[in-house]
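The following block contains the structure, expressed as structure tokens.
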Amino acid sequence: MFNNTLSLPVTDDQPDDFSGKIRSRPRRKRRKSDFRGRTELANRTCNQLTRYWPLFLFLSALLLLAFEAYKIGWRSRTSESEIEIVENKPKVVDSPVKKTESNLNRLDAPRCLKLLPPEELQHLDFPLNKDSSVPIKKVIYLSESNAPYDKNSQQELGTTRFNLFTGFQMFNQREQSFKVNETASVHCGFYSEDGGFTISDVDKSYMQTCKSVVSTCAFGGGDDLYQPIGMSDASLQKVCYVAFWDEITLATQEKQGHVFNEDHFIGKWRIVIVKNLPFRDQRLNGKIPKMLAHRLFPNARYSIWVDSKSQFRRDPLGVFEALLWRSKSVLAISVHGARSSVYDEAKAVVKKNKATPEEVEAQITQYHHDGLPEDKRFNGNKALNEASVIVREHTPVTNLFMCLWFNEVVRFTSRDQLSFPYVLWRLKVLKNINMFPVCTRKDLVNSMGHIRKAKPLG
């Protein structure tokens, strides 16, 4: 048999050239890492920053300062160009007009004023007269005929705004007027036939027919006349709308095309022209229709006063029901939206230049002397009110209250919110007052703001 085994001799005597060939194979060189180089660069950079950081900080601050200066200069140039553009435009009263356009005839649903449904408002009527349990049954208005004044006594008054319209109320008469009796005697305007606030017989006859009234006034060419909205057909038959103008306002409105018809109406407003206004201060003239509606409308049982800067936008009968009849109140007025104290309001009046510091000081000093507390609450309500809307029943007590309030405004300042809390505090028999919140007042009217400044009498 054949031997298929192959024998390979293995000895240590291998030729050196084989192992040499293996050893002689070239080895690739590794690429050196650049980490060391980067580290050195970072170190050099840090060293430079550490060395020169104050210089870099200074340059950064300089650049920032230059940038801010550029922005300020740009804004200044922009403002100057805008002012130049405005100055070249015709001068018009922009903000009140814009406000008027946005608010006029706005009749959104009331948020706080709880009115009856429209179908009930159509059938709403005045309640029957009821006997009053208040101690004041009758008010006698002092006049030249029943209480002639002593001209020599005017020296006591000094320089005041009392005149033939108001009568010359002495201080002892002021004190006496606050005393509650079944029959009260008080100065309440219209003291003399020569006192001014002259109204034609035709207008007087119309005003005597009013059983209830919504009234406003604009003297000295002041605000425009805004037509009332939101009333029911029944209210139009039972409520008068009367606007008092003087001859300056009449001329101003005629220039704007607002001319009343032969019946003296502009829209729903009956225009009553007043001549011979008794005060140079138009704000004080405006207090006459605002506070003395019972003297102007002797047969009216209810009235609503609305400042000329506002548009009345609710049903008057519904307002009487919501603010008077439902709560068995005889007077409804808004609380003040910003302050609660008469003394704080006095500071604000002076700060806003609404009255001179001297006349405000005289009023507040007198009230403090009389003991008016500095409380911010009175009978559970705010001690300060805002009188742009006044809703009231004409009773002996409310009529007396309005007379006393008017006399305080004449004696001291025209800012009636300073004297309202004082008179309310002194006349303690008037308790059933509805002091409604600011949101209710906003539900009653659309506020327009004053359009133009009233011209004082020469």
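Fewest Cβ neighbours within 10 Å first, please rank VAL445, VAL214, VAL134 accordingly.
Fewest-to-most ranking of VAL445, VAL214, VAL134: VAL134, VAL445, VAL214.
Using DSSP to call loops (not H, G, I, E or B), can you name the chymotrypsin sites (Phe, Trp or Tyr not before Pro) in the stretch 299-403 whose Cβ has at most 13 other Cβ atoms within 10 angstrom?
Hits after loop and neighbour filter: nothing returned.
Using 5 Å bins from zero, what percent of all Cα-Cα pairs in the stretch 237-322 falls into each bin?
3, 11, 21, 25, 21, 13, 5, 1
Enumerate the calculated ³J(HN,Hα) couplings along the stretch 248-259 in order (Karplus 6.51 cos²θ - 1.76 cosθ + 1.60, θ = phi - 60°), each rounded to whole Hz, writing x wherever the residue is Gly or Pro.
Values, residue by residue: 5, 5, 4, 5, 4, 6, 5, 5, 8, x, 9, 10 Hz.
According to the square roots a ≥ b ≥ c of the eigenvalues of the Cα gyration tensor, what is the shape class of the stretch 190-339, taking rounded for a/c under 1.5, prolate for a/b larger than b/c otherwise, and oblate for the remainder?
rounded
Next question. Rank the residues SER329, SER419, SER133 as a footprinting-exposure proxy: fewest other Cβ atoms within 10 Å of their Cβ go first.
Ranking SER329, SER419, SER133 by Cβ neighbours within 10 Å, fewest first, gives SER133, SER329, SER419.
Quick one: dipole size for the stretch 138-447, taken about the Cα centre, charges +1 on Lys/Arg Cβ and -1 on Asp/Glu Cβ, in debye to the nearest 20.
Here the size comes out at about 940 debye.
Are there trypsin sites (Lys or Arg not before Pro) in the stretch 238-293 that DSSP puts in a loop and that have at most 11 other Cβ atoms within 10 Å, and which ones?
Within the stretch 238-293, the qualifying trypsin sites (Lys or Arg not before Pro) (loop, at most 11 other Cβ atoms within 10 Å) are ARG280.
Along Cα→Cβ, 7 Å out, is where each label goes; now give me the distance between the ones at GLU247 and GLU374 in nm to one decimal.
5.0
How would you rank LEU116, LEU384, LEU292, going from fewest to most other Cβ atoms within 10 Å of each one's own Cβ? It would help to have the intermediate numbers written out before the result.
Working: LEU116 17, LEU384 23, LEU292 20.
In order of increasing Cβ crowding within 10 Å: LEU116, LEU292, LEU384.
Starting from the amide H of GLU386, placed 1.01 Å from N in the peptide plane, find each other amide H under 5 Å away whose residue is 5 or more places distant or on another chain.
Close amide H contacts, sequence-distant or interchain: SER334, VAL335, HIS336.
Could you give the size of the charge dipole of the stretch 246-378 about its Cα centre, using +1 on the Cβ of each K and R and -1 on the Cβ of each D and E, expressed in debye and rounded to the nearest 20?
The calculated dipole for the stretch 246-378 is roughly 400 debye.
Can you pull out the trypsin sites (Lys or Arg not before Pro) in the stretch 310-375 whose DSSP state is coil and whose Cβ has at most 10 other Cβ atoms within 10 Å? If you can, show how the numbers build up before the last one.
Numbers: sites: ARG313, ARG314, ARG326, LYS328, ARG339, LYS347, LYS351, LYS352, LYS354; in loops: ARG313, ARG314, ARG326, LYS328, ARG339, LYS352, LYS354.
Hits after loop and neighbour filter: LYS328, LYS352.
Give the residue from TYR226, LEU427, SER185 lying farthest towards the positive end of the charge dipole for the stretch 138-447; charges sit on Cβ (+1 for Lys and Arg, -1 for Asp and Glu) and the dipole is referred to the Cα centre.
Farthest along the dipole direction, towards plus: LEU427.
FYI, it's all coordinate maths here, none of it is from the lab. As the structure is a prediction and not an experimental result, all values here were calculated from the model. Neighbour counts are summed over all protein chains in view; Cβ atoms, including those assigned to glycine, are modelled from backbone coordinates with ideal geometry.
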